[in-house]
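The values are calculated or read from the model by the stated rules, or taken from the named source; none is laboratory data. Here the structure is a predicted model, which means the values were calculated and not measured. Note: ideal-geometry Cβ built from the backbone for every residue, glycine included; neighbour counts use all protein chains shown.
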Amino acid sequence: MALTEAVVREALKKVKFPGLSRDIVSFGFVRGVRVDGGSVEVEIVMTTANQSAGEAVERDARTALEALPGVTSVKLDCKVQAPQAPQAATPPRTALPGVRYKVAVASGKGGVGKSTVAANLALALLREGAAVGLLDADIYGPSQQMMMGCTDKPRVSPEEKILPVDGNGVKVMSLGFLMDPDQPVIWRGPMVMKALQQFIEDVEWGTLDYLIVDLPPGTGDAQLTMTQQVPLDGAVIVTTPQDVALIDARKGLAMFQKVNVPVLGVIENMSAFVCPHCGNRSEIFKHGGGRRTAEQLGVPFLGDIPIDPEIVVGGDVGTPIVVSHPDSAAAEAFRALAIAVRRQIERA
Ligand SMILES: Nc1ncnc2c1ncn2[C@@H]1O[C@H](COP(=O)(O)OP(=O)(O)OP(=O)(O)O)[C@@H](O)[C@H]1O
Ligand SMILES: [Mg+2]
């Protein structure tokens, strides 16, 4: 096989960016390739704050090229560019022109059921007849692939657009599709921003009524930057009934205010346990914290979701409760939430 530029590019496609399942060619890091007889010259420009990742790529690229038959010399010009700091500005509202409403689901702390709410809210809106997409932007632990039962990987259209994957009728795109499940998450803010920006610009969402965005937990810089990347129309804050949750919800509200995203309201998850046998309601974590939180923050209270073991099962098998048990009290609560969100966003 003759040594050509195409052969060299093909070989470089085997070089993955550390920690990610994507290769340096598809990231657009390979800028120039020159082949002259047996000598190969390649220019690689990476945008990352992680210097050691740059070194690893250089090493792997050299190994891949030197292994090619016919190669007598390899000259690599590897540059690592520090990413530019994201600008503290409101997101461009013109992005995602085919999507009517972009709604984030956020929480001050982890594990309150944000992804569960995002998935079931998306499905409840779908059942209302809306066209719905779900963007899992949780860098720390993307979970929508599993929750929404996505078995396919995203494909690329002939126009070089990324096609979202179907999950129970919702168009799903997750940072998880890009991550290598066997590798720890080593990417840092800038890398994520590039990936997220790409999702926003390069995903072929088509025409959607709603894009639900599952944000990473917390209200720190990473989350703030993300709210600046996605041109959000509104946000829903998930909280739990405990008193301490108010503090976290307040931080969430402040974060969205900073970027001029209207908070549509607060939703209380894991509100009470309704016994599946006798129908009796037990308020395990107290009750009413969400409503009080909403009142104190001066935002609408959007409703509460009971504790239901089927929610856990549904999330694990990829069939959320709105689909698996549409007659349950929890599914009913998610449908009421969808209606409340619609009402608020149309007003926002
Ligand atoms: N109302 C509920 N009843 C019972 N279990 C629930 C309920 N809501 C969420 N869970 C369960 O709690 C766990 C955490 O939920 P989930 O992953 O949605 O939280 P999260 O806020 O997205 O977490 P993270 O911060 O890690 O992203 C999951 O196992 C989920 O199935
Ligand atoms: Mg989550």
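Data table
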quantity	calculated
Number of the condition not met by GLY290 [criteria: (1) more than 16 Å from ligand 2 (Cβ to nearest atom); (2) in a helix (DSSP H, G or I); (3) surrounded by fewer than 22 Cβ atoms within 10 Å (Cβ to Cβ)]	(3)
Residues (modelled with pLDDT of 80 or more and more than 23 Å from PRO97 (Cα to Cα)) located in the range 196-233	PRO216, PRO217, GLY218, THR219
Where a residue in the range 252-263 is surrounded by fewer than 16 Cβ atoms within 10 Å (Cβ to Cβ) and its partner, wherever it lies, is at pLDDT 90 or above and of a type in the set (A, V, I, L, M), with Cβ under 9 Å and at least six apart	GLN257/VAL263
Some residue of the range 320-342 being surrounded by 15 or more Cβ atoms within 10 Å (Cβ to Cβ), of a type outside the set (S, T, N, Q), out of contact with any Cys (no Cβ under 6 Å at 6 or more places or on another chain) and in a strand (DSSP E or B)	no
Residue in the range 233-249 that is assigned to a loop (DSSP other than H, G, I, E, B), under 27 Å from the mean Cα position of the chain (by Cα), assigned by TED's automatic domain parsing to the domain that holds ALA137 and among the aliphatic types (A, V, I, L, M) present	yes
Boolean, VAL266 is without any contact (Cβ under 8 Å) to a residue 60 or more places away in the chain, among the β-branched types (Val, Ile, Thr) and under 22 Å from LYS102 (Cβ atoms)	yes
Residues of the range 122-133 classified as surrounded by fewer than 23 Cβ atoms within 10 Å (Cβ to Cβ) and either in a helix (DSSP H, G or I) or within 11 Å of ligand 1 (Cβ to nearest atom) (or both), total	2
Of all residues making up the range 120-164, the number that are more than 13 Å from ligand 2 (Cβ to nearest atom), of a type in the set (A, V, I, L, M, F, W, C) and over 19 Å from VAL322 (Cα atoms)	3
Qualifying positions in the range 101-121 - outside any helix (DSSP H, G or I), within 16 Å of LYS251 (Cα to Cα), near ligand 1 (Cβ under 8 Å from one of its atoms) and not β-branched (Val, Ile, Thr)	SER107, LYS109, GLY110
Any chance MET193 is at pLDDT below 80 and within 16 Å of ligand 2 (Cβ to nearest atom)	no
Which numbered condition VAL299 fails, given (1) assigned to a helix (DSSP H, G or I); (2) of a type in the set (Val, Ile, Thr); (3) at pLDDT 90 or above	(1)
Every pair of residues 6+ apart whose Cβ atoms lie under 8 Å, when the first sits in the range 209-222 and is part of a strand (DSSP E or B) while the second is more than 9 Å from ligand 2 (Cβ to nearest atom) and among the hydroxyl-bearing types (Ser, Thr, Tyr)	ASP209/TYR101; TYR210/TYR101; LEU211/TYR101
